[in-house]
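The values are calculated or read from the model by the stated rules, or taken from the named source; none is laboratory data. It should be emphasised that the depicted structure is a prediction, and the values quoted were computed from it without experimental measurement. All Cβ positions, glycine included, derive from the backbone under ideal geometry; neighbour counts span all protein chains shown.
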Amino acid sequence: MGGRTRRMGITATVIAALSTMLAGAPAAPALTVGANVNLSARSGNQVEGAIAVDPNNRNRVYAVAMNASPAGSLIAARSGDGGATWTRGTVTGAEGLPLASADPSLSWDAYGNLFLSYINNSKTHPAEVLALSTDGGVTFKAIASLASIPDQPTVTTGPGSTPGTGSVWVSWKGSLGYMWAAGAPITGLGSVGAFLPAQAVPGTQGLSYGDIAVGPSGGVMMSMGPETGSLGGAVYTATSPGLGSPFSEAQIATTTGVGGQMPIPAQPTRAIDSESGLAYDRSPGAHHGRVYLMYTDANPAGSASTQLYLRHSDDNGATWSSPVKVNDDTGEASHFLPRLALDESTGNLAVTWYDTRSDPTNISTEFWGAFSTDGGASFGPNFKISAGTSNQAGADPPPAGYPDLDYGDYTGASFAQGALYPIWADNSNSTGDNPDGALSYFDVYSARIMGPGSEAHAPTIQVILPAANSNGWYTSTPVAAQVTATDSSAEASPIEHLSCSEGTLGAVTGLGTTSAAATLTLSRQGVGSVTCNALNTASLKGESAPVSVRIDSVAPALAPTFTPSGSPILLNAVASAAANASDPLLEQFASGVASSSCGPVLTSSAGPLTVSCTATDQAGNTTSEAVPYTVGYAVAALKPTAGKRVKNGGSVAVSFGLAGAGGVPIPAGLAAGLGCTVTVGFEGTSPICLKYKPRAQRFTARVQTPAGLLPGTRNLQVQVTVRGVVVAGATVPLKIIG
């Protein structure tokens with residue numbers, strides 16, 4: 001398929017108060033008629049359109065129509081954005097499908113299967129073709145050929161006879177003059193079973209031009225009216241319990257003044273029929289299970305004053321209600337080729353049709369519609385859908401060799417989640433893109449009407465975070481937030497997408513319903529803001545209020561230093577430690593250091609000690625560290641001095657004192673108690689202990705030089721240890737001589 005067209009805005013807004021209501025009728029909701037779109041924009045006549053909207057996503061729409069001149073293909077158009085843009089194309093034999101001739105019909109099921117039925121283009125073996133698309137109409141494949149020499153086949157879908165399954169049905173006018181039908185089970189997307197043998201509906205000889213609908217439990221009803229004549233007759237219905245069960249004998253549901261081939265000024269050649277339509281209410285609403293029958297009547301019979309009526313049955317067609325008039329004008333205008341559609345999300349009804357109320361001669365037409373929100377008890381004010389006025393005379397004569405179809409035999413409409421999409425033949429050229437110009441050959445048009453059940457409110461989004469700490473920060477990751485999207489408005493639409501500006505969104509539950517939820521995992525450090533969005537099938541996006549998230553799970557780093565610097569710190573020195581805390585995160589993500597401190601640095605005794613340093617950041621992360629330091633002594637007045645000459649094999653006298661801060665000698669009692677922790681010796685030899693002489697406040701010893709030392713410089717080492725840690729030491733280089 002190729003080519004795109006854009007729907008240009010909104011053409012009209014129709015409010016309930018714009019029309020005087022029938023006495024006692026309920027107030028009609030506001031509705032919006034979107035701009036008309038030319039779906040074909042081709043030379044020649046395109047008529048008899050069918051349209052389907054995905055029941056799970058009202059923005060996915062597919063349309064086809066008969067390309068009456070030239071024949072051999074169906075024009076097609078699809079939209080994924082609610083009709084804002086359309087991709088035009090054709091369905092031809094190039095897709096591997098049999099060439100088309102006429103009578104296209106569409107149905108989209110709850111699994112996402114899109115079914116297309118039409119009559120092939122064979123002159124010798126005309127047959128009904130059923131094709132399936134699982135990608136929204138991008139591609140199709142033929143799955144069945146159900147009848148030979150059929151007329152006006154109609155495809156529909158619904159529940160299956162077995163709970164949890166679906167079914168697809170096709171009805172047609174067939175051999176021996178009967179109405180026929182065949183059905184097949186559906187178990188999923190692309191999973192369509194074999195069709196059961198087609199069956200003729202008893203009592204339908206001489207009847208035609210009907211409809212077929214599937215009920216909530218898989219039962220099926222067919223309707224049909226007079227096949228010939230112009231003075232009316234009766235509309236019949238017949239039912240089947242479902243797949244594998246026979247149809248009942250057709251029974252009269254109502255009489256009608258419109259025959260099977262009744263010409264009117266607006267449709268003089270092709271004529272009109274009662275054009276009965278069926279719809280079962282499969283919604284969860286108050287009228288679940290009700291079946292509706294719409295038809296055209298004339299008073300007097302055979303006249304151009306045709307009116308549209310609706311009846312309903314709550315006992316599967318055993319009895320029918322009194323008729324309710326659909327069109328609200330009171331003159332003698334023609335209303336013809338109507339289409340009935342039901343919104344399964346609400347049970348609301350829509351009817352669309354050609355209408356001549358604006359032309360006293362009953363020749364020029366507009367396309368109109370009406371909604372019912374009370375189970376068919378009444379219809380709201382009629383509203384005009386077409387932007388222009390059409391006239392079949394402009395399509396005469398058709399291109400050489402092609403029949404004069406006027407507006408064709410039928411129109412189409414599909415209604416889901418408050419969005420109504422009709423399709424009709426239009427030669428007004430109101431969109432300016434009919435290649436044949438105004439009031440010439442027909443193109444097929446559509447528009448989106450947002451009516452009762454359409455979404456007026458975007459989803460409501462909540463982002464619920466766990467409680468932060470007293471500082472307003474999260475100090476551990478990940479942070480798990482709960483995100484909910486809810487459409488709780490009176491006419492809600494399902495949520496189809498949920499996303500957030502930050503973090504990782506887990507599996508979303510509830511998509512396709514009016515309440516969706518997911519867990520949002522947040523790990524990014526720093527101060528940020530999270531916004532979540534949800535889109536519903538009405539193409540309305542809800543956005544949460546921004547939620548501030550402050551995450552800092554990294555504690556400050558410490559790099560302590562001491563004053564005075566160096567090691568050891570001398571006994572009784574005045575000393576302190578600084579934590580020198582920093583936040584290791586990048587500045588833009590860090591909460592920053594709030595406080596830091598170190599405990600007192602004690603120097604009243606020598607040996608290895610620790611001081612505790614702590615830092616806390618603004619987020620509340622705390623780090624603590626026991627920082628080691630050493631308190632010791634200074635070696636004072638060490639003898640011998642550097643460079644003293646010592647004979648190899650001789651000895652050298654060693655003496656020194658120990659002092660604390662300020663050069664103050666350590667107390668004699670402390671020094672005496674050091675014992676053999678004070679040692680001296682040549683480097684590489686076993687040290688010896690020194691003796692303490694209190695009066696001199698010095699440690700003394702005579703150190704023998706090791707035998708065999710080669711001449712040269714050797715280090716004499718003095719060392720004081722406390723609990724295995726050197727707290728004082730000195731090295732004196734001496735010169736060894738031979």
Total residues in the stretch 116-130, condition among the small types (Gly, Ala, Ser) and in a strand (DSSP E or B):
2
Failed criterion for Thr603 (all others in (1) of a type in the set (Ser, Thr, Tyr); (2) assigned by TED's automatic domain parsing to the domain that holds Ile569; (3) in a strand (DSSP E or B) hold)
(3)
The correct count of residues that are closer than 18 Å to Pro568 by Cβ and either under 60 Å from the mean Cα position of the chain (by Cα) or crowded, with 19+ Cβ neighbours inside 10 Å (or both) in the stretch 697-729 is 6
Return yes when Arg357 is assigned to a loop (DSSP other than H, G, I, E, B), surrounded by fewer than 24 Cβ atoms within 10 Å (Cβ to Cβ) and over 39 Å from the mean Cα position of the chain (by Cα) and no when it is not.
yes
Contact list, first residue from the stretch 653-679 and more than 20 Å from Leu716 (Cα to Cα), second anywhere and assigned to a helix (DSSP H, G or I), beta-carbon distance below 8 Å, six or more apart or interchain, is Pro665/Ala671
Which listed residue is part of a strand (DSSP E or B) and closer than 24 Å to Pro564 by Cβ, from Thr731, Thr700
Thr731
Filtering the stretch 298-327 for residues that are polar (S, T, N, Q), under 21 Å from Gly369 (Cβ atoms) and not in a loop (DSSP other than H, G, I, E, B) leaves a count of 2
Filtering the stretch 198-219 for residues that are acidic (Asp, Glu) and without any contact (Cβ under 8 Å) to a residue 40 or more places away in the chain leaves a count of 0
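Each row is one residue, and each column tells you yes or no for (1) crowded, with 18+ Cβ neighbours inside 10 Å; (2) in contact with a Pro (Cβ under 7 Å, 6 or more places away or on another chain); (3) touching a residue at least 12 places away in the same chain (Cβ under 8 Å).
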residue: Leu114; (1), (2), (3): yes, no, yes
residue: Ser122; (1), (2), (3): no, no, yes
residue: His125; (1), (2), (3): no, no, yes
residue: Val129; (1), (2), (3): yes, yes, yes
residue: Asp135; (1), (2), (3): no, no, no
residue: Val138; (1), (2), (3): no, no, yes
residue: Leu146; (1), (2), (3): yes, no, yes
Take the stretch 364-401 and flag every residue that is among the aliphatic types (A, V, I, L, M), surrounded by 20 or more Cβ atoms within 10 Å (Cβ to Cβ) and in contact with a strand residue (DSSP E or B) (Cβ under 7 Å, 6 or more places away or on another chain).
Ala370, Ile385
Lys693 - would you say it is without any contact (Cβ under 8 Å) to a residue 12 or more places away in the chain and either more than 30 Å from Ser612 (Cα to Cα) or out of contact with any helix residue (DSSP H, G or I) (no Cβ under 8 Å at 6 or more places or on another chain) (or both)?
yes
Can you give me the ranges of the strands (runs of 3 or more DSSP E) entirely in the stretch 615-671 with at least 1 residues that are surrounded by fewer than 18 Cβ atoms within 10 Å (Cβ to Cβ) and not charged (D, E, K, R)?
622-632, 634-639, 651-659
For the condition on the phi > 0 side of the Ramachandran plot, within 28 Å of the chain's Cα centre (by Cα) and assigned by TED's automatic domain parsing to the domain that holds Ile212, what is the one hit in Gly177, Gly164?
Gly164
The residue from Gly80, Gly72 that alone is at positive phi, modelled with pLDDT under 95 and surrounded by fewer than 24 Cβ atoms within 10 Å (Cβ to Cβ) is Gly72
Would you mind telling me which numbered condition in (1) of a type in the set (S, T, N, Q); (2) in contact with a helix residue (DSSP H, G or I) (Cβ under 8 Å, 6 or more places away or on another chain); (3) assigned by TED's automatic domain parsing to the domain that holds Ile464 Asn572 fails?
(3)
Could we say that Gly215 is closer than 25 Å to Gly289 by Cβ, touching a strand residue (DSSP E or B) at 6+ places or on another chain (Cβ under 9 Å) and not basic (Lys, Arg) here?
yes
Pairing a residue in the stretch 713-736 that is within 26 Å of Ala661 (Cα to Cα) and assigned by TED's automatic domain parsing to the domain that holds Val678 with any residue that is of a type in the set (Val, Ile, Thr) and part of a loop (DSSP other than H, G, I, E, B), where Cβ atoms lie under 9 Å and the two sit 6 or more apart in sequence or on different chains, gives Val732/Thr641
Give, as residue ranges, the strands (runs of 3 or more DSSP E) completely inside the stretch 510-585 that count at least 2 residues that are surrounded by fewer than 19 Cβ atoms within 10 Å (Cβ to Cβ).
515-522, 526-530, 541-543, 561-563, 576-578
So in the stretch 242-269, with the set limited to residues that are part of a loop (DSSP other than H, G, I, E, B) and hydrophobic (A, V, I, L, M, F, W, C), which one is surrounded by the most Cβ atoms within 10 Å (Cβ to Cβ)?
Val258
When (1) under 30 Å from Ser493 (Cα atoms); (2) outside any loop (DSSP other than H, G, I, E, B) are applied to Tyr295, the one that fails is (1)
Of the residues that make up the stretch 401-410, is at least one out of contact with any Asp or Glu (no Cβ under 8 Å at 6 or more places or on another chain) and acidic (Asp, Glu)?
yes
Quick one: would you say Ser686 is touching a Ser or Thr at 6+ places or on another chain (Cβ under 8 Å), outside the structural domain of Ser565 (by TED's automatic domain parsing) and either on the phi > 0 side of the Ramachandran plot or surrounded by fewer than 20 Cβ atoms within 10 Å (Cβ to Cβ) (or both)?
no
Out of everything in the stretch 274-301 that is of a type in the set (A, V, I, L, M, F, W, C) and modelled with pLDDT of 95 or more, what residue ends up being surrounded by the most Cβ atoms within 10 Å (Cβ to Cβ)?
Met294
Within the stretch 270-292, the residues that are out of contact with any strand residue (DSSP E or B) (no Cβ under 7 Å at 6 or more places or on another chain) and in a strand (DSSP E or B) are Arg270
Only listed residue being at pLDDT 70 or above, part of a strand (DSSP E or B) and among the β-branched types (Val, Ile, Thr), chosen from Thr11, Thr32:
Thr32
Look at Gly375 and say whether it is small (Gly, Ala, Ser) and in contact with a His (Cβ under 6 Å, 6 or more places away or on another chain).
yes
Please verify whether Thr679 is exposed (fewer than 15 other Cβ atoms within 10 Å of the Cβ) and of a type in the set (Val, Ile, Thr), treating the condition exactly as stated.
no
